[in-house]
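The values are calculated or read from the model by the stated rules, or taken from the named source; none is laboratory data. What you see is a predicted model, and the numbers here were worked out from it, not measured in a lab. Glycine gets a Cβ as well: all are built from the backbone with ideal geometry, and neighbour counts include every protein chain shown.
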Amino acid sequence: MNTINLKKILKVYSLIIMGLLVILCVRLAIVQLFHNETYQTQAKENRIRLLAIKPPRGEIYAANNAVLAANQLVYTLTYSPVGVSNQPEVINHIVTILEKYFPEINEELIEEKIAEQQYRLFEPVILMRDIPWELVVELEEDRQNLPGVTVNVEPLRYYPNGSLAGHVLGYIHSINEDELEKASSEGLSYTLNSLIGKSGIEKQYEVDLKGQEGARRVEVDARNRPIRELVTLEPRQGNNLHLTIDLDLQRVMENSLAEQLANLSKQHPKAKVGSGVLLEVKTGKVLAMASLPALNPEDWKGNISQELATYYFPQSEGYNPLEPGAATNRAIQTTYPPGSTFKPITGMAALEKAGVNALDYLANCQGKYWIAPYIRCTGVHGNVNYYSAMAVSCNTYFQEMGRRAGKDGLIFVANEFGLGKRTGIDLPYERGGLLPTPEWKREINAILIDRKYDNLRANLEERYARLFKDATSAEEKDKLEKQKANEQIKLEAQYQIDYQFDTTWQSFDTFNMSIGQGANDYTVLQLANFTATIANGGNYMKPYIVEKITSHTGQILKDIKPELIRRLDIKPETIAETKRAMHGVTKPGGTAYHLFYNFPEHIEIAAKTGTAETGRIGDNKKTEFHGVFIAFAPVDDPEIAFAGVVEYGSSGGGSAGYVAKALFEQYFGIYDHVANIEDVEDLTNMTIDNNE
Amino acid sequence: MELKRLKFIDKPFIIVLFLILIFGFVVLLSATNAISSNPFYYLKTQIVAVVLGIIISIFIIRYDYTQLSRYNIFIYGTALFLLIVVLIFGEELRGSTGWITIGPLPTFQPAEFTKIILIFAFADFLNHRRGNLDTLAELVPCFIYMGIPFILIMLQPDLGTALVYLVFTIVMMYVAGANPRIMTALILAGVIAVSLLLFLHFQYNFPLPLEEYQIKRLTMFVDPYDDGQGGRGAGWNTIQSLVAIGSGGFLGKGLFNGTQVQLNFLPEHHTDFIYAVIGEELGFLGATFIIFLFAILLLRTVYIAYNAKDFYGTLIVIGISAMWLFHIYENIGMSIGIMPITGIPLPFLSYGGSSMLTNIIAVGVVLSINVRGKKIVF
């Protein structure tokens, strides 16, 4: 019985064995045969990583093919935290080794960088770009103590000329989250490790310069260590840009501006900022554009020191002329009152809209204009016509011209010359400035007036609310009621008067505008382009900096042609008269005679000086002026036009005028400044030192 | 022992066993390829264990196992002693304190050997009670007898080995003729109790005498991605093992070519997860082939057990058989995501000296009973 029983039990046991093993086989079939593809995909995802290969950025050349921005291969220190078990020790070790070279690197900084990249850790975290060879050797020797640390070679931007044309070039730096988000929404491939153009040409032409990232398909193991490369897609270098910038002229402009500032700042500590633009008048090409304090794109290569950060982006509240941020390109990002350089506009408006004859002596200058508010003149000029008034910059004459042309005439001409409007230059952050109009005045002042009177009304209510509370008898209250109603009527009447006055264009607005004061505010580039438009006889060109885009193999991808935005609706004779009048400025007796008196006779210069009230709160209206200067040459067949502003330069002829002079000397071969500038960089550095 | 008895040795059993061993050596070479610069290091250790096991087995086969019955109390005592020693002096390795070092000998796990010792002890214990296992009262001593080592092993804690004890205890009791109704009722009650405890724990944080990570490891196989780290925590092993086996497909990726194994995505792939290596590199074909070999091996043990000279022998062989069955089912089951991860090695395939030695000794025991079987006519 026992045996039979045993046999039965063992049979059941055998069946259980079979049953369990069949279950395993069934499950195996499900996993291996039916879900095979899913798991194969997962296995692939496990082991294959796409790593980007950085493309070299497109190079930037000046007009004479001098290199402005190129790439050099540098050593980059990277760290892959995955699989490193003793991370704090390793990081500590890295910091110790780096200390000799980069004392600013500490543990927190590295951990921050790792944390930033926590979702893409198979991509190595870039700790330092451009490390010296000695450090590379040191790191290699200490390999076994530095798991996860690698030194890679990658292309890095460099600017062989330092700060030369720095503002035009702009700079590149680590991408921030907003930029990353924007770029990815535009379908551009960037990673947290990417560098991106932040200003200037580098920003404007980011898409062209960027190039196409290559990719490495890498097989990795469970610790994300690369095992082997599967496929490599070579990166494509970005496209090269060829600028209209003439490096010699650029150098002269920067050097001359620096010199002027160095001299002026001795008397005037606020004189720290200057900028200028030199245009080719027939095409709109920007031959030179400078802004001081200088921007050196090289500064932005690595981590920015606190000192540099303050130099570029001062943290002071509001604008402090003693601490002007160097990041701003003053030629396009800052607007200035044009001062007397606006007078050609006034003159043209009078000639064009009021039928004034340039030869007629239409004003007798006795030191101030005869209509309120009797704005003072620069001198006592007696009887003046267009030519003599321009030469001596007579405020009286031009106020009279403004009165005759009327505000609409002034606005029309200024508008035609593009004042107060962006020129559309191929640089980012260009500002529009302001050409004041009655509409603008109404809009801005209505708000101010309403705000002022809302305050007064509230005060009145409050005052009477208090009085009512104190009032005891009904009689008294009644009296207060009447009193309040009276005051309210008075206030509203006053409001009507004020509103009417402040929001309506007044004749003094016209006078102010005629001499380039008031709310006029233009960029240096606008002034330059307005000058160029006079010079070329009324063709308003679009200024541009990039004239050619080529591929890295030299193939021309885009040839940018001069662009005529509009032919001005102004009679050629009007412009011709104005050129003649501006020519007078550099003749004996003219405000710019001292600048050009020794120029050869065949090179004649037309110019206009300007001394502009700064309009800045805290500045002394009587002693502090910006020096503004516009000029073009040669008068009979103009080639180039200049505009420049030296902040707190006191007068145009005494500041920015010298910059124009130097440029014209260089351009026309009168004096080779470049050969005599030995240390442009030193000079620019000197101004930087002043800032610090 | 007369040598002529050796011709009665169970040939299918031996052949299948050697096939499995050779299969195992080849797979081990591939599995350790990525973790060792010396490809033969692990294989050497493994072969040494096999050879050592065979030498010991020869002695075991020569020795008449029936003599052991007399020393049973001593055998049982040894088992408990080993378990207590390991509890006190054991070294911790991979969350378990089951490892021990004696002098120059390599570290080993007494729990492995204890399995066989306990099978012997319990076989004798049951043999004496045969026919008297009908009532609950008669069953209770059996539970106490095996409950003591069970608790000792749980204290290490080594849940996997404890489950092995439990399984061969139950199977041996069934075979010994324990009242199947009571047994089944008890097992059902146990299953319900454990399920209820787990339910209470997860729903109402009912405290269990296990660490949270152990409970997690046990239940994680149900949804390995739900480990709080998106499959990178406790669920990682199950997922990577499944991906390895699943991506193997019908024919597999070929030896030394499994990306999951060779790139170390699959942890412990030469020990606990050796089966995933087979699944990935040799595919469904290789994976089912090894199950087929195990099936033959296990069915031969049943045959040997049935034909044993005495019931003591039958019980020993069945105990060993049940031990292997559970090891195989649990190990393969966890590799393919239908059993919790317990760290139980796959017999004859997983790398590990103690485990290999124990299993070869167990083979010796089975063969010793085999050659003395009923069929031998004098």
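Annotations
- Residue check, B:Glu112 at pLDDT below 95 and over 28 Å from B:Ala234 (Cα atoms): no
- In segment A:19-56, residue nearest to A:Tyr190 (Cα to Cα) [restricted to those that are more than 7 Å from chain B (Cβ to nearest Cβ) and either at pLDDT 90 or above or surrounded by fewer than 12 Cβ atoms within 10 Å (Cβ to Cβ) (or both)]: A:Glu45
- Criterion (within 18 Å of B:Asp158 (Cα to Cα) and facing chain A (nearest Cβ under 10 Å)) met by exactly one of B:Tyr306, B:Tyr275, B:Tyr329: B:Tyr329
- In summary, A:Ile560 fulfils each of the numbered conditions (1) among the aliphatic types (A, V, I, L, M); (2) in contact with an Asp or Glu (Cβ under 6 Å, 6 or more places away or on another chain); (3) exposed (fewer than 15 other Cβ atoms within 10 Å of the Cβ) with the single exception of condition (3).
- Subset of segment B:39-53 [loosely packed, with under 14 Cβ neighbours inside 10 Å and under 19 Å from B:Lys115 (Cα atoms)]: none
- B:Ile341 satisfies every condition listed in (1) under 29 Å from B:Ile9 (Cβ atoms); (2) away from chain A (no Cβ under 12 Å) except (1).
- Filtered residues of segment A:159-184 (kept if in contact (Cβ under 8 Å) with a residue 40 or more places away in the chain, more than 12 Å from A:Asp299 (Cβ to Cβ) and surrounded by fewer than 20 Cβ atoms within 10 Å (Cβ to Cβ)): A:Pro160
- Restricting attention to segment A:115-125, the residues being of a type in the set (A, V, I, L, M, F, W, C), at pLDDT below 80 and in contact with a strand residue (DSSP E or B) (Cβ under 9 Å, 6 or more places away or on another chain) number 1.
- Residue within segment A:585-592 that is assigned to a loop (DSSP other than H, G, I, E, B), on the phi > 0 side of the Ramachandran plot, out of contact with any Cys (no Cβ under 6 Å at 6 or more places or on another chain) and in contact (Cβ under 8 Å) with a residue 12 or more places away in the chain present: yes
- Taken over segment B:267-277, the criterion of being assigned to a helix (DSSP H, G or I) and hydroxyl-bearing (Ser, Thr, Tyr) is satisfied by B:Tyr275 alone.
- Of the set (1) in contact with a Phe, Trp or Tyr (Cβ under 9 Å, 6 or more places away or on another chain); (2) facing chain B (nearest Cβ under 7 Å); (3) modelled with pLDDT of 90 or more, all apply to A:Val12 but (2).
- Whichever residue in segment A:617-656 is surrounded by fewer than 24 Cβ atoms within 10 Å (Cβ to Cβ) and among the hydroxyl-bearing types (Ser, Thr, Tyr) and, among such residues, is farthest from the chain's Cα centre (by Cα): A:Thr623
- Residue check for A:Ala354: touching a residue at least 40 places away in the same chain (Cβ under 8 Å), under 21 Å from A:Tyr648 (Cβ atoms) and either buried (at least 20 other Cβ atoms within 10 Å of the Cβ) or of a type outside the set (Lys, Arg) (or both): no
- A single member of A:Thr531, A:Thr578 is farther than 22 Å from A:Gly274 by Cα and of a type outside the set (Phe, Trp, Tyr), and it is A:Thr578.
- Leading residue by the ranking (farthest from the chain's Cα centre (by Cα)) among those in segment B:140-166 that are β-branched (Val, Ile, Thr) and either modelled with pLDDT of 95 or more or more than 16 Å from B:Glu112 (Cβ to Cβ) (or both): B:Val140
- Across segment B:124-145, the number of residues qualifying as under 18 Å from B:Leu166 (Cβ atoms) and within 14 Å of chain A (Cβ to nearest Cβ) comes to 2.
- When segment B:234-266 is filtered for residues that are within 9 Å of chain A (Cβ to nearest Cβ) and part of a helix (DSSP H, G or I), the ones remaining, listed by number, are B:Ile239, B:Gln240, B:Leu242, B:Val243, B:Ala244, B:Ile245, B:Gly246, B:Ser247, B:Gly248, B:Thr259, B:Gln260, B:Gln262.
- Residue among B:Phe120, B:Phe113 that alone is crowded, with 20+ Cβ neighbours inside 10 Å, away from chain A (no Cβ under 14 Å) and within 23 Å of the chain's Cα centre (by Cα): B:Phe120
- Of the residues making up segment A:640-657, at least one is in a helix (DSSP H, G or I), of a type in the set (Gly, Ala, Ser) and under 20 Å from A:Gln333 (Cα atoms).
- Residues of segment B:278-297 that are at the interface with chain A (Cβ under 8 Å from one of its Cβ atoms), within 19 Å of the chain's Cα centre (by Cα) and either buried (at least 24 other Cβ atoms within 10 Å of the Cβ) or assigned to a loop (DSSP other than H, G, I, E, B) (or both): B:Ala287, B:Phe294.
- Some residue of segment A:67-83 being within 14 Å of chain B (Cβ to nearest Cβ), over 30 Å from A:Gly170 (Cα atoms) and either out of contact with any strand residue (DSSP E or B) (no Cβ under 6 Å at 6 or more places or on another chain) or at pLDDT below 85 (or both): yes
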